[in-house]
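The values are calculated or read from the model by the stated rules, or taken from the named source; none is laboratory data. Owing to the predicted nature of the structure, the values given are computational and were not obtained by experimental measurement. Cβ: placed from backbone, ideal geometry, glycine included. Neighbour counts: every protein chain shown.
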Amino acid sequence: MGALFALLVRDMRLAVRVGGGAIMGALFFLVVVSVMPFAIGPDLALLARIGPAVLWLGALLASLLALDRLFATDYEDGSLDLLMIGETQLELIVATKAIAHWLTTGLPLVLIAPLLALMLNVELRAVPVVMLTLAVGTPALTFIGLVGAALAVALRRGGLLLAVLVLPLAIPVLIFGVAATNAAIAEATPFSPPFTILCALTLVSFVFGPVAAAAALRHGLE
Amino acid sequence: MELRAEELTCVRGGREVFRHVNFRLTAGQAMLVTGRNGAGKSSLLRMIAGLVRLAAGRLLLEGGAPGAEIGEQVHYLGHQDATKPSLTVRENLQFWIGFQGGDGGVKAALEAADLAMLSEIPAAYLSAGQRRRLAIARLLAIGRPIWLLDEPTSSLDAASQERLAERMREHLAQGGMIIAAAHGPIGIESASELRLD
Amino acid sequence: MAIVELANPTRFLSIVNRILPWLIAATAVLLVIGLFLAMNAPDDYQQGATVKIMFLHVPAAWLGMFGWVLMSVAALGTLVWRHPLAEVAGKAAAPIGASFTLICLITGSLWGRPTWGTYWVWDARLTSMLVLLLLYLGVLALYWTADEPGRGARAAAVLSLVGAVNLPIIKFSVDWWNTLHQPASVFRMGGSTIDSTLLTPLLVMAVAFAALFITLHLAAMRNEILRRRVRSMRMMHAREMHA
């Protein structure tokens, strides 16, 4: 456990230092969500209706693009070799890196979501729920994206491959995340069914993501 | 303790890199792996560490820690130095000690590698030789019986090479094993040679 | 003392150290006077006391834009004349200009809330300021991710100039975009005409904000020069140890 804690601390330190990318995910989220209304038009009623969808798409893209560097830097400087050799299980190592990644990239998305929700004319009382669904759903995006990041590094290809691989896998999270958010805002449909399914997706991804990513690393890098 | 390799074969990228490699190493012995570039020196080391699959053959370790894989009892010093530029020298070393569980202290290892004065400097400012010395400090801090060294003396000046050779002799005297891939001698006269071609 | 002597960072530091206390005092005095005048200005017959947010909002907008102008001038100094202080001036201006733009957006949003009913309506002027903030964040991102100050400064200089050229185009596009859909109640943020009783506090606040900008800017330049020195010393230390 000490080994995993040391890894968690190191990854978080690296993310917040120069060139780390901690704030970059949040900035990207901000820019993407700000830019969408320029394509949609300043119709406030329309923006309010599709606001949750815009937020989720922004969070999805921001999570995806930030995953690009998850394994790449360790692979490039030889750290990945050393991480794979040790006594600690590779699945646990991958899961720890994913947790560090979510804390430094996913959590900031959740924290600036209220600001963006206001810009999209989402009702004030719905903002906490939007944050809750994002807080539950963004870890799923990170853990599902793990396998894409691992495959991309094993094949030595960049971020677009990762996006092509992971976007289809992320569709369920997107569907239920937006559905839960809309249910909370409009109160026309019940909130708990989509929300509990979202929670289930996240929990399942906690198990399958690291297992798949570790397998991808082992087979791809030998 | 004895490390035995029987009929090792390595295939990378569809190409057979080497085959029928045999060697035997006991405690206190060193082996130098030589050969031209592309002969598979690095691949052999990575195979012993467990990073590359054996296409054929067997690797056996007798007398090592019970129930542990070979990879858990080696220390692999590869081409790259695995240093993070945005962490300080001390933070880099502290991480690896925390992760791989070494009993050596950070300060002692830095002193042994002559990096004590640079402990709070970000690794980005280090020269290639200093980064190599940081990797060597990691080797010294994390005590493992088998050392797998890939071109350990690259980027090192003469004084640092001599210091490393001394450490290697100490390691052998304490019953450790060294397998080093290099183009030339590394300062251990008694090393046997395995030539890959 | 010729102006060209300011080019020497050491001389610059000693000059800044001497005048900074005076600038801080002047800024404080101006802010107090400005806020006092703003508090005592008459209420608007339509918007009531909320119109007084204008005294923060409008000067903040002016200084947000001024920040980018300053960055562009510094960019010319960096790329064309290689002036040693130009890089430092550009880097110091970015967070300050961004902050003023942010103040403009926040005060604009608060001002709009009683009038529009929501915090944000994508009104043409505020939206242009939002785009300006995004451009500032882009420049700041360049500074944050560069591993070497010089490279980051040159990249940011290029982006500053690109932004300077693009901003009029963006402003025009946003104005056009805004006409596609008229919001239900149209309130001009600046007020139709500015009465002279409102003009004086506005101008005083503008001068006070300008003094604040310059004070913060000089202090930030000083910090950046010192930061670069620490960095050089650490690098030299590392190099000397290579024995």
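Summary table below
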{"read-out": "Criterion violated by C:S72 - all others in (1) under 20 Å from C:A220 (Cα atoms); (2) surrounded by 21 or more Cβ atoms within 10 Å (Cβ to Cβ) satisfied", "value": "(2)"}
{"read-out": "Contacts under 7 angstrom Cβ, first residue in region A:68-82 being closer than 20 Å to A:L162 by Cβ, partner surrounded by fewer than 18 Cβ atoms within 10 Å (Cβ to Cβ) and polar (S, T, N, Q), 6 or more apart", "value": "A:D77/B:Q80"}
{"read-out": "Single unsatisfied condition, A:F29 versus (1) touching a Phe, Trp or Tyr at 6+ places or on another chain (Cβ under 6 Å); (2) crowded, with 21+ Cβ neighbours inside 10 Å; (3) in a helix (DSSP H, G or I)", "value": "(1)"}
{"read-out": "Condition broken by A:S34, with the remaining ones in (1) at the interface with another protein chain (Cβ under 10 Å from one of its Cβ atoms); (2) in a helix (DSSP H, G or I); (3) crowded, with 17+ Cβ neighbours inside 10 Å; (4) at pLDDT below 90 satisfied", "value": "(4)"}
{"read-out": "From B:S86, B:S127, residue being at pLDDT 85 or above and either more than 9 Å from chain A (Cβ to nearest Cβ) or under 16 Å from A:G86 (Cα atoms) (or both)", "value": "B:S127"}
{"read-out": "Qualifying residue in region C:92-114 (condition: at pLDDT 90 or above, over 22 Å from A:N121 (Cβ atoms) and in contact with an Asp or Glu (Cβ under 8 Å, 6 or more places away or on another chain))", "value": "yes"}
{"read-out": "Where a residue in region A:39-61 is free of Cβ contacts under 8 Å to residues at least 12 places away in the same chain and its partner, wherever it lies, is assigned to a helix (DSSP H, G or I) and among the aromatic types (F, W, Y), with Cβ under 9 Å and at least six apart", "value": "A:G41/C:W177; A:P42/C:W177"}
{"read-out": "Checklist (1) assigned to a loop (DSSP other than H, G, I, E, B); (2) surrounded by fewer than 22 Cβ atoms within 10 Å (Cβ to Cβ); (3) touching a strand residue (DSSP E or B) at 6+ places or on another chain (Cβ under 7 Å) applied to B:G184, failing item", "value": "(3)"}
{"read-out": "Filter result for the condition that a residue is within 14 Å of chain B (Cβ to nearest Cβ) and in a helix (DSSP H, G or I), over A:A72, A:A48", "value": "A:A72"}
{"read-out": "Among the candidates B:V89, B:V106, B:V74, residue that is in contact with a Ser or Thr (Cβ under 7 Å, 6 or more places away or on another chain) and either touching a residue at least 40 places away in the same chain (Cβ under 8 Å) or crowded, with 19+ Cβ neighbours inside 10 Å (or both)", "value": "B:V89"}
{"read-out": "Elements of type strands (runs of 3 or more DSSP E) contained in region B:1-76, each with 2 or more residues being over 21 Å from B:G187 (Cβ atoms) and in contact with a helix residue (DSSP H, G or I) (Cβ under 8 Å, 6 or more places away or on another chain)", "value": "B:2-12, B:15-26, B:56-62"}
{"read-out": "Filter result (hydroxyl-bearing (S, T, Y) and either surrounded by 17 or more Cβ atoms within 10 Å (Cβ to Cβ) or over 29 Å from B:A123 (Cβ atoms) (or both)) within region C:144-180", "value": "C:S160, C:S173, C:T179"}
{"read-out": "Candidates A:L162, A:L198, A:L217, A:L203, filtered to the one that is more than 14 Å from chain C (Cβ to nearest Cβ) and touching an Asp or Glu at 6+ places or on another chain (Cβ under 9 Å)", "value": "A:L162"}
{"read-out": "Those residues of region A:77-92 which are at the interface with another protein chain (Cβ under 8 Å from one of its Cβ atoms) and of a type in the set (D, E, K, R), in sequence order", "value": "A:D77, A:D81, A:E87"}
{"read-out": "Which numbered condition B:E72 misses (of (1) more than 9 Å from chain A (Cβ to nearest Cβ); (2) modelled with pLDDT under 90; (3) in contact with an Asp or Glu (Cβ under 8 Å, 6 or more places away or on another chain))", "value": "(1)"}
{"read-out": "Any chance B:A65 is modelled with pLDDT under 90, closer than 23 Å to B:S42 by Cα and either surrounded by fewer than 17 Cβ atoms within 10 Å (Cβ to Cβ) or within 13 Å of chain A (Cβ to nearest Cβ) (or both)", "value": "no"}
{"read-out": "Test: B:R138 is closer than 30 Å to B:L194 by Cα, crowded, with 22+ Cβ neighbours inside 10 Å and within 14 Å of chain A (Cβ to nearest Cβ)", "value": "yes"}
